[in-house]
Structures are given as C-alpha cells and as structure tokens.
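Taking it in order: structure first as structure tokens, then the write-up.
Please treat every number below as a calculation from the coordinates, not as lab data. Only a predicted model underlies this, so the values are computations on that prediction, with no experimental measurement involved. Methodologically, a virtual Cβ is constructed for each residue, glycine included, from the backbone with ideal geometry; neighbour enumeration extends over all protein chains shown.
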Amino acid sequence: MKKSFLLLIILFSMVLGVRATPTKLVVRVKSKDAKFIGTGIGGAYVVIKNNLTGEVLSKGLTTGSSGSTELLLQTPLKRGQAVTDNKTAKFEATIDITDPLFVDVEVVAPVNRKNAAIKGSAQLWLIPGKDIGGEGLIIELPGYVLDIIQPTTHETIKADSLKNGIVHFKASLTMLCGCTITKGGVWDADEIDVVAIIKKEGITIKEVPLQLTGKPNIFEGALQADGKGNYQVTVYAYGKKNNNTGVDTINFTVQ
C-alpha cells in the first residue's frame, strides 16, 4: 500500500515537472519607411511554426491601428524607446511549451491585396514562461500597393473614341500600410518614380512617366496609341530614397 502511494506521488511529481508553460509571442508587421500593417488595410497574416517539425503552433491576422506617424517618422528615436502603443496592430499568440523551442515566424501582407502582398520571415527561440510581449517581434516588409485603374483589365477601346488617338492611364499607389502619398507630404510623390512601360503585340514601344493628380495616391499619364492592336501596360513605382518598389500589369485592346 505504501509502495503504491509512493509511486503515485512520484508519478504526480513527474507530471507536474513536464507541465507545459503558456508563453506569449507578439508579432507586428511594418511597412518599410512607413507604419504598421493593421485592420485598415486588412492586416498581415502570421503563421508561427515549430522549426524542426513544421507543426503550425499559431496563426492569424494582425489587428489594430497603423501607429503614430509623428512617433514613427518624425521623432528621433533612442535605443529602447517604444514605437508602439496598446492600439498598434499586432498578432498575439500564446504557445504551450515545456522546453526552449526554435520557431519560424512567417508573414504575408497586405493579405487582401494579392498583387502587392509581400512575404517575410524571422526565426527565434521561445523560452518557457518568458513572454515576448510589448513591442514584440517586428518584421519589416518593403514595397508599395500599386493598382492600374485605367484602362481596366482586358478593356476594349474603340479607336474612333480616342480623342487625337490618346490613351489615358491612371494608377493608384500607397504604402503597404495604406498610408497616403501626396505632393510634399510625409510620403512625397516627388520622391517616387511612377512609369508605364507600354508594349504592343509584345514589343515595347514607349515608356510614359505618370504624375500625381490633384487627388492623393492617384497618378496619371497619356500615350499616343500606335494604331489598333493588343497592348500591355506595366506600371512600376520606385522610391528614390527608400528603395521601395511596386508593379502592376494589365492588357487592353484598341479596335
């Protein structure tokens, strides 16, 4: 009887000894030279995996605000100074572990903009009971969200409808976080090259610079159409100071 009781005590102690410890990991995703990717643009999708086995430990979207423009971009920062607050977008996971665990953190953002979504990743050790909270793990992604809005995809344009044979182009451009691009603003349109590369029947015929319109984020340009045929337009954006890039391509026909 005493032996059985002693065995139960030993087994119970062993169970207590291997009990998993909930450990928090906060993940934030930031647009390069801009703000955090949050609810306003659909969030960043986060997947946390066991590096050894590939097991998915947690997954979900970042939610919250994009953060403070003044703090992130207009304030000299000191080491250890926080750049987030309790409203800044994040994904928070709680993972039960018994031993230190090496994990992969993979992100894609903005998740709802497939043509502009960028993947990023990081690796780190999780230690049982040692939360990675506060600022958490910040993964930065380069790029722009760029959409050609005129002409539309596979649009057929009647040649006789073109005034003086001119085709007009428009594109929408924002930072990955959805932040606005304006002339002379925090994200200055004059610091970004936006150019349309025009092909007809697969052969490049011209490059057309696009200029900011009177509306934030909207750039436009025009091309003298080279007769009827199948056209392709690729618009790229290149940040001359921050090295961000973005591209979109559509096809249209002039008949």
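In the chain, helical runs assigned H by DSSP with n ≥ 4 each contribute -39500 (n - 2.57); averaged across all residues and rounded to the nearest 500, the mean residue ellipticity at 222 nm is -2500 deg cm²/dmol.
Of the peptides 228-239, 45-56, the order by per-residue mean of other Cβ atoms within 10 Å, starting with the highest, comes out as 228-239, 45-56.
I want the local charge near K119. Using Cβ-Cβ distances under 15 Å, sum +1 for each Lys or Arg and -1 for each Asp or Glu among the other residues. Taking every other residue near K119 into account, the sum is +3. Counting Lys and Arg as +1 and Asp and Glu as -1 over every other residue whose Cβ lies under 13 Å from the Cβ of I138, the net charge comes to +3.
What net charge is computed for the residues neighbouring F36, neighbours being all others with C-beta under 12 Å from the C-beta of F36, Lys and Arg scored +1, Asp and Glu -1? Within the 12 Å Cβ shell, the charges total +3. Relative to the first principal axis of the alpha-carbon coordinates of the chain, what is the inclination of helix 2-17, with its axis defined by its Cα atoms, in degrees from 0 to 90 and to the nearest 10? Once rounded, one gets 20 degrees.
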